[in-house]
């Protein structure tokens, strides 16, 4: 049996459980660990049976609960390398040092070395070249410490980015977790290395494609011959243009690395979608710039020529409660 459960979808948090007979994967963890567990239990999913977490990209509404959840369950997290690095930078921003601070540090270190030399009976003073050398040596030492692959336990305990295990995958390169085959594909979004996924188990194909500025040819190819399609329908164009967001944010949402509008999703469903999915789930609806009925009506019009008892049952994922599990 294959099961697909949307726990949350929207700008405040996204997460979905994909299950086969023996494997359970959490796709994104954009809610707190406690809330994820609560929603899983509401949907009849046991958090303790999760085998892994896979991440689409590093934005907070997709990763805010990933570290605590992974540590709580002792399970690996799968990222692209670019997404993992961006997530770590977000959690542990590096302290910047001004040139004046750096030079003062060099002078202080040089003075300490000079005092040590004098105490040992040595003569001579350090010039400006020595100051630079001292600074470079200190920098090299800092880099060496940061690169230490085996940090002390106390350091690990204080590191918010520490995970039980990290596994890397690459967009376009299929991999597997248990008996679930996963095909990651590149999406157009303003993140380090964003991806969507097609999951396959027991002959069933499930696609997740959200956080898309537009649907590129490679995404269109991936969304064919799927049994379930989770597709972004983020905003109504007029509501966004007249809505409360600053103009800079509106431009970002409307851009080719932003989010997919109701109209753009409908254009795909009408022109490029093959009509084979048993379920089409509209996802990542904006609470400020969309209405569920607007998204539904726009998609229904696009699917009107594909009426079927067995395919294209239209559902809407929401932000505040899980969608009932879908079974295959």
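The values are calculated or read from the model by the stated rules, or taken from the named source; none is laboratory data. Model, not experiment: these values are computed from the prediction. Note that we place each Cβ from the backbone using ideal geometry, even for glycine, and neighbour counts take in every protein chain shown.
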Q) Out of curiosity, is residue 12 under 20 Å from residue 211 (Cβ atoms), in contact with a helix residue (DSSP H, G or I) (Cβ under 9 Å, 6 or more places away or on another chain) and surrounded by fewer than 16 Cβ atoms within 10 Å (Cβ to Cβ)? A) yes
Q: Consider only pairs whose beta carbons are under 6 Å apart and that are at least six residues apart or on different chains; among these, list those whose first residue lies in region 239-268 and is assigned by TED's automatic domain parsing to the domain that holds residue 304 and whose second residue is loosely packed, with under 13 Cβ neighbours inside 10 Å and outside any helix (DSSP H, G or I).
A: 243/288
Q. Within region 219-233, how many residues are in contact with a helix residue (DSSP H, G or I) (Cβ under 7 Å, 6 or more places away or on another chain) and more than 14 Å from residue 269 (Cα to Cα)?
A. 0
Q: Quick one: which residue in 31, 26 is farther than 19 Å from residue 207 by Cα, in contact with a helix residue (DSSP H, G or I) (Cβ under 9 Å, 6 or more places away or on another chain) and either in the same structural domain as residue 191 (by TED's automatic domain parsing) or surrounded by fewer than 20 Cβ atoms within 10 Å (Cβ to Cβ) (or both)?
A: 31
